[in-house]
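The values are calculated or read from the model by the stated rules, or taken from the named source; none is laboratory data. The structure presented is a predicted model; accordingly, all values stated were derived computationally and were not measured. Don't worry about glycine lacking a Cβ; one is built from the backbone with ideal geometry, like all the others, and counts go over all protein chains shown.
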Amino acid sequence: MSDNKNGSANTAIEQALNRLDVKLRVLEPGHVWLAGAGPGDPGLLTLDVVSALGQADALVHDALVSPEIIAVAEQAEKFFVGKRGGRLSIPQKDINTLLVGLARQGRKVVRLKGGHPYVFGRGGEEVQALVESAIPYRVLPGVTSAFGGLTSAGIPATMRGINGAIILATGFAAVSDDRPDWTALARTGQPIVIYMGLTHMAATVADLFAGGLSPDTPAALIENATLPQERTVVATLGTLVEAANRENVVSPALIVVGGIVALRAKLAGAS
């Protein structure tokens, strides 16, 4: 019965793609395509990204891209460059040099990143390096981890009467020019989704308190969003650090702060 169901689903997908009549572009030798792999679930890949993976002969990928997605580019030579928060990675300038070098060799290069290349993925820096070296490029969007993770965890990104905006921020830097002004963000009263925020979470929470957020503000941690091992830990802003330690939450994980978190329980039902 299971095989019959899978066969029917595959046939339906093929028929739907035929009706869509999508015009997929050709990846030329000497070109680099930056592609978003989404938050992890292969089902969230776009058709453009699947096509790119099938055409590449050189795949430069991050640590957060799932093995199932990497396997789509079976024919490509793989170049692993790390880029996982808190762990040793190849310096960004070396990744830029690798991309330019592969393109100059006439390779068909796909630079595969978790999430979306232009959302905390340093895609802009890599494109800048390609432009400076006169390397043709294309950017293929991916489902960014914030929206994929919120949806998978049962938390709507927006809800009438709850929020009129949502803030995406990085919590990786303790002190830098890129560090968000957490107190200013807290004063907006809008939900905040924090990428790479586990390391400096205690300091971030303190700054959010300083901006006026109550310790009772709903909060959550979403670990391994959209993957089979996904786990959501619900807390309040006041208990968030304690909950993360108690539940041994590890990277990759999103931190969500705001009233949208409280909707998770209200919207839970048959699925």
* Asked: Which pairs have Cβ atoms under 9 Å, sit 6 or more apart or on different chains, and link a residue in region 210-225 that is farther than 15 Å from ILE192 by Cα to one that is of a type in the set (Gly, Ala, Ser) and in a loop (DSSP other than H, G, I, E, B)?
  -> GLU223/SER251; ASN224/GLY40; ALA225/GLY40; ALA225/ALA153
* **region 141-184, residues that are over 13 Å from the mean Cα position of the chain (by Cα), within 18 Å of PHE209 (Cα to Cα) and of a type in the set (Gly, Ala, Ser)** => GLY171, ALA174, ALA184
* Do we find a residue being crowded, with 17+ Cβ neighbours inside 10 Å, assigned to a helix (DSSP H, G or I), modelled with pLDDT of 95 or more and assigned by TED's automatic domain parsing to the domain that holds GLY115 anywhere in region 60-69? -> yes
* Structure fact -> Residue count, region 204-226, condition surrounded by fewer than 21 Cβ atoms within 10 Å (Cβ to Cβ) and either among the charged types (D, E, K, R) or at pLDDT below 95 (or both), comes to 2
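Yes/no matrix, rows are residues, columns are (1) hydrophobic (A, V, I, L, M, F, W, C); (2) assigned to a helix (DSSP H, G or I); (3) farther than 25 Å from VAL131 by Cα:
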{"position": "VAL26", "(1), (2), (3)": "yes, no, no"}
{"position": "ALA35", "(1), (2), (3)": "yes, no, no"}
{"position": "GLY43", "(1), (2), (3)": "no, yes, yes"}
{"position": "ALA52", "(1), (2), (3)": "yes, yes, no"}
* Structure fact -> Within region 134-157, residues being in contact with a Lys or Arg (Cβ under 8 Å, 6 or more places away or on another chain) and either among the polar types (S, T, N, Q) or within 30 Å of ARG264 (Cα to Cα) (or both) number 4
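Looking only at residues in region 145-171 that are assigned to a loop (DSSP other than H, G, I, E, B) and in contact with a Gly (Cβ under 6 Å, 6 or more places away or on another chain), which one is modelled with the highest pLDDT? Outline the logic, then answer.
From region 145-171, those assigned to a loop (DSSP other than H, G, I, E, B) are 153-158, 160-162, 164-166, 171; that's our starting set.
Then drop every residue that is not in contact with a Gly (Cβ under 6 Å, 6 or more places away or on another chain), which leaves 162, 171.
Values: ILE162: 95, GLY171: 92.
The selected residue is ILE162.
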* To do: State yes or no: is VAL109 under 29 Å from ILE167 (Cβ atoms), surrounded by 14 or more Cβ atoms within 10 Å (Cβ to Cβ), of a type in the set (A, V, I, L, M, F, W, C) and modelled with pLDDT of 95 or more?
  => no
* Could you tell me whether PHE120 is under 21 Å from ASN224 (Cβ atoms) and modelled with pLDDT under 95? => yes
* Can you confirm whether region 175-182 contains a residue that is in contact with a helix residue (DSSP H, G or I) (Cβ under 7 Å, 6 or more places away or on another chain), closer than 30 Å to GLN55 by Cβ and either aliphatic (A, V, I, L, M) or not assigned by TED's automatic domain parsing to the domain that holds GLY43 (or both)? => no
* To do: Only residues that are over 17 Å from the mean Cα position of the chain (by Cα), of a type in the set (Asp, Glu) and either farther than 17 Å from GLY171 by Cβ or not in a helix (DSSP H, G or I) (or both): list them for region 207-243, please.
  => ASP216, GLU242
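So if I check each of ALA265, ALA253, which one is under 22 Å from GLY148 (Cα atoms), small (Gly, Ala, Ser) and buried (at least 18 other Cβ atoms within 10 Å of the Cβ)?
Working: ALA265 fails: buried (at least 18 other Cβ atoms within 10 Å of the Cβ).
Selected residue: ALA253, the only one of ALA265, ALA253 that is under 22 Å from GLY148 (Cα atoms), small (Gly, Ala, Ser) and buried (at least 18 other Cβ atoms within 10 Å of the Cβ).
Look through region 120-144, keep the residues that are without any contact (Cβ under 8 Å) to a residue 60 or more places away in the chain and part of a loop (DSSP other than H, G, I, E, B), and return whichever of them is nearest to ALA262 (Cα to Cα).
So the first thing to find is which residues in region 120-144 are without any contact (Cβ under 8 Å) to a residue 60 or more places away in the chain, and the list is 122, 124-125, 128-129, 131-134.
Restricting the remaining residues to those that are part of a loop (DSSP other than H, G, I, E, B) gives 122, 133-134.
Details: ARG122: 32, SER133: 49, ALA134: 49 Å.
Of everything passing the filter in region 120-144, ARG122 is nearest to ALA262 (Cα to Cα).
Test of understanding: among GLY38, GLY123, which residue is over 22 Å from LEU198 (Cβ atoms) and surrounded by 14 or more Cβ atoms within 10 Å (Cβ to Cβ)? Give the derivation first.
Values: GLY38 fails: over 22 Å from LEU198 (Cβ atoms).
On inspection, the qualifying residue turns out to be GLY123.
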